[in-house]
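A short write-up of the structure that comes next.
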Amino acid sequence: MSESTRLESLLRRDRWIVGGVLAVTILICWAWIVPMGRDMYGAMTGPSAWMMTNRWDASYTTLIFAMWVVMMAGMMLPSAAPVLLLYARVIRKSPAGDRTQLHVHAFAAGYVLIWTGFSLLATLLQWGLTRQEWMTPMMEASGDRVMAVIFLLAGVYQLTPWKRTCLNACRSPVEFLSRYWKAGPAGGFALGVANGLFCLGCCWAIMLLLFAGGVMNLWWIFGITGFVLLEKIMPLGRQAAVVSGVFLLIAAVWLVLRL
């Protein structure tokens, strides 16, 4: 077997391994999210029964945090697939090619770490909103005023230069890797953290919409996940960000006028 043929075979294997691990991880996350969401708006006696309490003790807070971590992984890892697959290809073609999987796992760990940090902040925000009675027991905004504030915040951010900068980094994995490249597994972890920060900068305001429509409302979860993919992967992603910002501002004004 020639060297080029062997390399192509390894690249193909890497695509299957990285893609397979991502797919399995995402499916596991959704396998927990979907039953909880269905039960939340159903009998509330199954996977979501533990949520039916107003006591934010250590056990409940830990479960809410775990819920956010799993939800963020399930929602954000699909849009991270392009950069992870490209990173695996670059490493395979480098002198460190025999440690490709280690590098990719380090990158993924850095990326997930950032969204784990966001999950912690989201847990604290949910606790605060619940304590102020700005969220219902169904984990939804308690009224139009709260929803309008969330829409306004998300809408304004969608139109800012910070949003555009972060979105451009997420949409251009080749440019991102060339600009922020660091060698070795530790470098891969640092790259994952950097990519996660750009991703967070791109999507944090959109994720806040979960507090408006329902943290466990599957329609909102599916819709936001699909929109994130549209923004970061599809050709009209940049335009979609602007249109969504305008739409959210209009929705905020409409909600205020209803008060």
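The values are calculated or read from the model by the stated rules, or taken from the named source; none is laboratory data. No experiment lies behind these values; they were computed from the predicted model shown. Cβ: placed from backbone, ideal geometry, glycine included. Neighbour counts: every protein chain shown.
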*Considering only the stretch 198-223, state which residues are over 17 Å from MET135 (Cβ atoms), in contact (Cβ under 8 Å) with a residue 24 or more places away in the chain and not aromatic (Phe, Trp, Tyr).*
CYS199, LEU200, GLY201, CYS202, CYS203, ALA205, ILE206, LEU218
*For residues that are β-branched (Val, Ile, Thr) and at pLDDT 90 or above, scanning just the stretch 120-141, find the one that is farthest from LEU210 (Cα to Cα).*
THR130
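Residue by residue, here is whether (1) within 30 Å of GLY188 (Cβ to Cβ); (2) of a type outside the set (A, V, I, L, M); (3) surrounded by 14 or more Cβ atoms within 10 Å (Cβ to Cβ) holds:
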| position | (1), (2), (3) |
| --- | --- |
| TYR41 | no, yes, yes |
| SER48 | no, yes, yes |
| ASN54 | no, yes, no |
| ASP57 | no, yes, no |
| PRO78 | yes, yes, yes |
*For VAL90, which of the numbered conditions (1) under 28 Å from GLU8 (Cα atoms); (2) surrounded by fewer than 21 Cβ atoms within 10 Å (Cβ to Cβ); (3) under 19 Å from the mean Cα position of the chain (by Cα) fails to hold?*
(3)
_List pairs: first residue in the stretch 89-117 and over 18 Å from GLY20 (Cβ atoms), second residue β-branched (Val, Ile, Thr) anywhere in the structure, Cβ distance under 7 angstrom, at least six positions apart or on different chains._
GLY97/ILE91; GLY110/VAL193; LEU113/VAL193; ILE114/VAL193; THR116/VAL69
*Checking CYS203 against (1) crowded, with 19+ Cβ neighbours inside 10 Å; (2) closer than 20 Å to VAL90 by Cα, which test does it fail?*
(2)
_The lone exception for VAL215 - which of (1) over 17 Å from VAL156 (Cβ atoms); (2) assigned to a helix (DSSP H, G or I); (3) in contact with a strand residue (DSSP E or B) (Cβ under 9 Å, 6 or more places away or on another chain) it fails_ = (2)
*Hey, among the residues in the stretch 114-128 that are farther than 12 Å from ALA73 by Cα and crowded, with 19+ Cβ neighbours inside 10 Å, which one's nearest to the chain's Cα centre (by Cα)?*
ALA122
*Criterion: more than 16 Å from the chain's Cα centre (by Cα) and more than 30 Å from ILE91 (Cβ to Cβ) - qualifying residue of LEU218, LEU153, LEU209*: LEU153
*Run down GLY213, GLY245, GLY188 and say which single residue is surrounded by 21 or more Cβ atoms within 10 Å (Cβ to Cβ), in contact with a Phe, Trp or Tyr (Cβ under 8 Å, 6 or more places away or on another chain) and not hydrophobic (A, V, I, L, M, F, W, C).*
GLY188
*asked:* Looking only at the stretch 36-71, count every residue that is of a type outside the set (S, T, N, Q), out of contact with any Phe, Trp or Tyr (no Cβ under 6 Å at 6 or more places or on another chain) and in a loop (DSSP other than H, G, I, E, B) and tell me the total.
replied: 9
*Would you pick out the residues in the stretch 130-156 that are under 29 Å from ALA80 (Cβ atoms) and surrounded by fewer than 18 Cβ atoms within 10 Å (Cβ to Cβ)?*
LEU152, LEU153, VAL156
